[in-house]
Amino acid sequence: MKLDTSNIIGIIPARYHSTRLEGKPLMKINGKPMIQHVYERANEVLTNLLVATDDQRIADCVKSFNGNCVITSKNHATGTNRCLEAFQKWNNSNCSIIINIQGDEPLLNTQHIYDIISCFEDSKTTIATLALKVKKNTLLKEGCVYLTKDINDFALYFSRFPIPFLRDVSKENWTNHHAYLQHIGIYGFKKKSLINFSNAENSSLENAEKLEQLRWLEKGEKIKVATTEFFSQPVDTKEDLKIVRDYFNKKEN
């Protein structure tokens, strides 16, 4: 049974010319294009849902499975800016919360969306995101995005290096001595915050880590963090695509 999400819209930014895996939204997984898997999972929770793309091939694909789609500029530097343009073009004035759902997450868990929505029960939340609780005995990988948060579940910092650094502990044992959090790239925005975030200039920390959420923290603003134990495998490379395809094959068998 769906929650009443009439004031919430989910937007899935999807571009064709990905640097590491061109055309990935259209790549087939278990007989369906990746973007359809993401859309159908999100649609289990959200009534208002659309894809934001700069490519007609993706738009045609979305229309083929009766999804909603908005064509956006090819010049956006980030998915968040693409979401803002799509939201403004869609012009659903009833929606006060916008959820940015990555188009390369075919294993999206519906609980991820519920967790983001729950963050807005705190009136101080203007932007929310999600973090995976890393299990003990896990070897942390550089390149994945990690975060730390305060006692009120607001983010302190995001980094492509595992944080915090544990002095006097060998790296392979870090997860046995600290509860690490790995970032999952789904965001929720209040309408005004989406506009302000997208219009803000890039910050020095954002440019250093190549993580747009640091723009908000460096401005002194807050990002609420929900935590989950449900992993989602993003598809950035051919190796990632194989992992996801293997997962669906095992599920079918």
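The values are calculated or read from the model by the stated rules, or taken from the named source; none is laboratory data. None of these values were measured; they are calculated from a predicted model. Cβ: placed from backbone, ideal geometry, glycine included. Neighbour counts: every protein chain shown.
What to note about this one:
- If you go through region 19-47 and keep only what is surrounded by 16 or more Cβ atoms within 10 Å (Cβ to Cβ), of a type outside the set (Val, Ile, Thr) and under 17 Å from the mean Cα position of the chain (by Cα), you end up with Lys24, Pro25, Met34, Gln36, His37, Tyr39, Arg41, Ala42, Asn43, Leu46.
- When Asp4 is tested against (1) part of a loop (DSSP other than H, G, I, E, B); (2) touching a strand residue (DSSP E or B) at 6+ places or on another chain (Cβ under 7 Å); (3) of a type in the set (D, E, K, R), just one condition goes unmet, and that condition is (2).
- Boolean, Ile186 is in contact with a His (Cβ under 7 Å, 6 or more places away or on another chain), among the aliphatic types (A, V, I, L, M) and surrounded by 14 or more Cβ atoms within 10 Å (Cβ to Cβ): yes
- Scanning region 1-18 for residues that are surrounded by 21 or more Cβ atoms within 10 Å (Cβ to Cβ) and of a type in the set (Gly, Ala, Ser), we see that the one that is modelled with the highest pLDDT is Gly10.
- Taking the conditions (1) among the aliphatic types (A, V, I, L, M); (2) within 23 Å of Ile97 (Cα to Cα); (3) surrounded by 19 or more Cβ atoms within 10 Å (Cβ to Cβ) in turn, Ile71 satisfies each one other than (3).
- Qualifying position, being out of contact with any helix residue (DSSP H, G or I) (no Cβ under 7 Å at 6 or more places or on another chain), closer than 13 Å to Thr80 by Cα, of a type outside the set (Lys, Arg) and touching a residue at least 60 places away in the same chain (Cβ under 8 Å), among Ser193, Ser198: Ser193
- Any chance Phe161 is within 21 Å of the chain's Cα centre (by Cα), among the aromatic types (Phe, Trp, Tyr) and part of a loop (DSSP other than H, G, I, E, B): yes
- Screening region 143-160 for residues that are at pLDDT below 95 and within 12 Å of Glu209 (Cβ to Cβ) and picking the one that is surrounded by the most Cβ atoms within 10 Å (Cβ to Cβ) gives Val145.
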